[in-house]
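The values are calculated or read from the model by the stated rules, or taken from the named source; none is laboratory data. On a predicted model such as this, the values are computed, not experimentally measured, just so you know. Positions of Cβ are generated from backbone atoms using ideal geometry, with glycine treated the same way; all protein chains shown enter the neighbour counts. Keep in mind that these areas ignore ligands, DNA and RNA; they rest on the heavy atoms of the full protein, side chains included. Shrake-Rupley method; radii C 1.70, N 1.55, O 1.52, S 1.80 Å.
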Amino acid sequence: MSWTAVVLAGGRGSRLGGVDKASVVVGGRTLLDHVLDAVSHARRTVVVGPRKDDVPGVTWTREDPPGGGPVAGVAAGLAHVGTDLVVVLAVDQPGVTRSTVDRLLAAVGDTGAVLVDDEGRSQWLIGAWRTEALRRALPPDPRDVSMRSVLGPLAPASVVARPGEARDVDTPRDLMP
């Protein structure tokens with residue numbers, strides 16, 4: 001199965017004091033390294049965020065405007081997708097693994113599949129999608145639009161998270177083991 005990964009790494013990191021989340025180290029590796037490992041079997045990986053010269057083998061792009069939110073990031077990433085399937089992940093999800101991605105891809109169905117945490121919440125920044133369904137769902141102006149309002153109507157399949165998979169890093173407290 002051929003698919004493209006779109007990694008959203010352009011957030012402001014304001015709850016972490018304005019740091020670049022992609023460079024935050026968790027478990028001895030950067031958050032970007034964690035997510036790139038999870039999508040290492042993609043045909044192509046597109047990272048939406050500030051370019052890092054020490055990260056080879058990915059296509060870099062930016063959302064318009066920079067800081068315009070995750071839907072704007074998805075729109076920027078989709079401009080570089082030529083496969084029928086796309087996996088969209090936020091950079092701040094160190095619990096996402098290759099197994100997570102494989103389970104999402106296996107569950108895609110007609111529109112997509114999204115990881116659901118242990119409280120039953122859809123994790124809109126951990127999903128696999130039919131590329132054309134995702135393109136059709138994007139609004140003409142994606143700035144500051146919520147992921148839930150764009151992806152929810154697609155009624156994606158739910159993939160139940162395994163322990164730790166839905167963990168994200170938003171605050172300094174999230175960096176504690």
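The table below lists the values:
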read-out: Selection count where residues are out of contact with any Asp or Glu (no Cβ under 9 Å at 6 or more places or on another chain) and modelled with pLDDT of 95 or more, scope region 1-31; value: 4
read-out: Output for region 78-104, where each listed residue is part of a helix (DSSP H, G or I) and surrounded by fewer than 17 Cβ atoms within 10 Å (Cβ to Cβ); value: ARG98, SER99, ASP102
read-out: Of the criteria (1) more than 22 Å from LEU138 (Cα to Cα); (2) touching an Asp or Glu at 6+ places or on another chain (Cβ under 7 Å), which one ARG51 fails; value: (2)
read-out: Of all residues making up region 99-124, the number that are touching a Pro at 6+ places or on another chain (Cβ under 6 Å), among the aliphatic types (A, V, I, L, M) and either over 9 Å from VAL160 (Cα atoms) or touching a residue at least 60 places away in the same chain (Cβ under 8 Å) (or both); value: 1
read-out: Residue list for region 61-74, filter: within 13 Å of the chain's Cα centre (by Cα) and either modelled with pLDDT of 95 or more or open to solvent by less than 10 Å² (accessible area, probe 1.4 Å) (or both); value: VAL71, ALA72, GLY73, VAL74
read-out: Total residues in region 126-145, condition at pLDDT below 95 and closer than 24 Å to SER2 by Cα; value: 0
read-out: Members of region 37-77 that are part of a loop (DSSP other than H, G, I, E, B) and closer than 16 Å to ASP144 by Cβ; value: ARG62, GLU63, ASP64, PRO65, PRO66, GLY67, GLY68, GLY69
read-out: Residue among ARG148, ARG162, ARG173 that alone is at pLDDT 95 or above, assigned to a helix (DSSP H, G or I) and surrounded by fewer than 19 Cβ atoms within 10 Å (Cβ to Cβ); value: ARG148
read-out: Every residue from region 86-107 that is of a type in the set (A, V, I, L, M) and over 24 Å from GLY69 (Cα atoms); value: LEU105, ALA106, ALA107
read-out: Among the candidates GLY112, GLY127, residue that is crowded, with 21+ Cβ neighbours inside 10 Å, within 22 Å of ALA76 (Cα to Cα), more than 13 Å from the chain's Cα centre (by Cα) and not hydrophobic (A, V, I, L, M, F, W, C); value: GLY112
read-out: Residue in region 35-44 that is in contact with a Phe, Trp or Tyr (Cβ under 8 Å, 6 or more places away or on another chain), open to solvent by 50 Å² or more (accessible area, probe 1.4 Å) and at pLDDT 90 or above present; value: yes
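So that you can scan it fast, the table gives a plain yes or no per residue for (1) modelled with pLDDT under 95; (2) under 11 Å from the mean Cα position of the chain (by Cα); (3) not β-branched (Val, Ile, Thr):
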residue: VAL58; (1), (2), (3): no, no, no
residue: ALA76; (1), (2), (3): no, no, yes
residue: VAL81; (1), (2), (3): no, no, no
residue: VAL88; (1), (2), (3): no, yes, no
